[in-house]
Amino acid sequence: MKKIIILASLIMSVFLFSRCHSSKKIAKGSEVKFTYENNLQTLIAGNCSPCHFPSKGGNKKALDNYDSVKTNIDDMIRRIELNPTDRGFMPFKHPKLSDSTIAVFKKWRDDGKLDK
C-alpha cells in the first residue's frame, strides 16, 4: 500500500510540475504594445538630442514631445533608414542606428502610435 501512495504522489508531482514552466508561449492577442514613454522617449533623447530638443539649445525641428514625434514618425523612420552617405541621413554626424533600434520606431508606428 505504501508503494502505491508513493507512486501516485510521484505521478501527481510530475504532472503538476510539467504544467508550470517558464517557456509557455504568450497567448495570441496579448502582444506587448510599444509606447512612446516606455520605448521611444529615451531612444529619441539619446539619439536626437540636442539638435531636436529646443530646451537643450537645438534649433532643428522639435522632436521633444509625443505629439511632434507622432506627427513626424514616418519621416523620422525614412531618415534613420538612410545610409550615412545619403542626403538627409539621421542622426547627423553619428553612426547609423542599429536595426533593432529602428525596429522599435517601426513597431510603435505599426501599433498605431496611439499609446503615449
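Annotations
- Subset tally (residues that are closer than 22 Å to SER100 by Cβ, surrounded by 14 or more Cβ atoms within 10 Å (Cβ to Cβ) and of a type in the set (S, T, N, Q)) for the range 28-80: 6
- Of everything in the range 72-109 that is among the hydrophobic types (A, V, I, L, M, F, W, C) and without any contact (Cβ under 8 Å) to a residue 24 or more places away in the chain, the residue that is nearest to ASN47 (Cα to Cα) is PHE89.
- Taken over the range 50-89, residues that are in a loop (DSSP other than H, G, I, E, B) and either small (Gly, Ala, Ser) or over 19 Å from the mean Cα position of the chain (by Cα) (or both) amount to 18.
- Unmet criterion (only one of (1) in a loop (DSSP other than H, G, I, E, B); (2) at pLDDT 65 or above; (3) of a type in the set (S, T, N, Q)) for ASN47: (1)
- Residue match in the range 100-113 (condition: in contact with a helix residue (DSSP H, G or I) (Cβ under 6 Å, 6 or more places away or on another chain) and of a type in the set (A, V, I, L, M)): yes
- Residue list for the range 90-105, filter: surrounded by fewer than 12 Cβ atoms within 10 Å (Cβ to Cβ) and either on the phi > 0 side of the Ramachandran plot or not in a loop (DSSP other than H, G, I, E, B) (or both): LYS93, ASP99, SER100
The values are calculated or read from the model by the stated rules, or taken from the named source; none is laboratory data. The structure presented is a predicted model; accordingly, all values stated were derived computationally and were not measured. In this analysis, Cβ positions are derived from the backbone assuming ideal geometry, glycine residues included, and neighbour counts consider all displayed protein chains.
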